1. List, please: which pairs have Cβ atoms under 7 Å, are six or more places apart or on different chains, and start with a residue in the range 32-57 that is in a loop (DSSP other than H, G, I, E, B) and end with one that is of a type in the set (A, V, I, L, M) and open to solvent by 90 Å² or more (accessible area, probe 1.4 Å)?
2. Please determine whether any residue of the range 62-72 is in a loop (DSSP other than H, G, I, E, B), surrounded by fewer than 16 Cβ atoms within 10 Å (Cβ to Cβ) and either modelled with pLDDT under 95 or among the β-branched types (V, I, T) (or both).
3. Given the options L44, L75, L22, name the one that is open to solvent by less than 40 Å² (accessible area, probe 1.4 Å) and touching a strand residue (DSSP E or B) at 6+ places or on another chain (Cβ under 8 Å).
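The values are calculated or read from the model by the stated rules, or taken from the named source; none is laboratory data. Quick caveat: nothing in here was measured; it's all calculated off a predicted structure. When we count neighbours, we look across all protein chains shown, and the Cβ atoms used for this are built from the backbone with ideal geometry, even at glycine. Surface areas here come from the heavy atoms of the whole protein model, side chains and all, with no ligands, DNA or RNA. Shrake-Rupley method; radii C 1.70, N 1.55, O 1.52, S 1.80 Å.
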Amino acid sequence: MTRVGKVSRKTKESDVSVEINLDGIGNVSIETGVPFYDHMLSQLGKHAAFDLKVKTIGDVVVDEHHTIEDTAIALGQAFKEIGRAHV
């Protein structure tokens, strides 16, 4: 059984899609509009050897805060989804 979590989150400030495959090989595709955050999320998937796909459209022109926050919330929910499915 593959351990996969998929979450979509839409707020007034952002539209986020996260897919995690804990049984992957470290393939990552990260697009948040925040270059340093993209780098850090890429390193997480790569070095933890799980596949991670993140696509966030956010209000980075106003502030990066909501883009980063909403992406992190969706990422946490995806991990939680995997945990619930494999109890």
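1. Here the result reads A49/I25, each pair linking the range 32-57 to a residue that is of a type in the set (A, V, I, L, M) and open to solvent by 90 Å² or more (accessible area, probe 1.4 Å).
2. Scanning the range 62-72 turns up at least one residue that is in a loop (DSSP other than H, G, I, E, B), surrounded by fewer than 16 Cβ atoms within 10 Å (Cβ to Cβ) and either modelled with pLDDT under 95 or among the β-branched types (V, I, T) (or both).
3. L75
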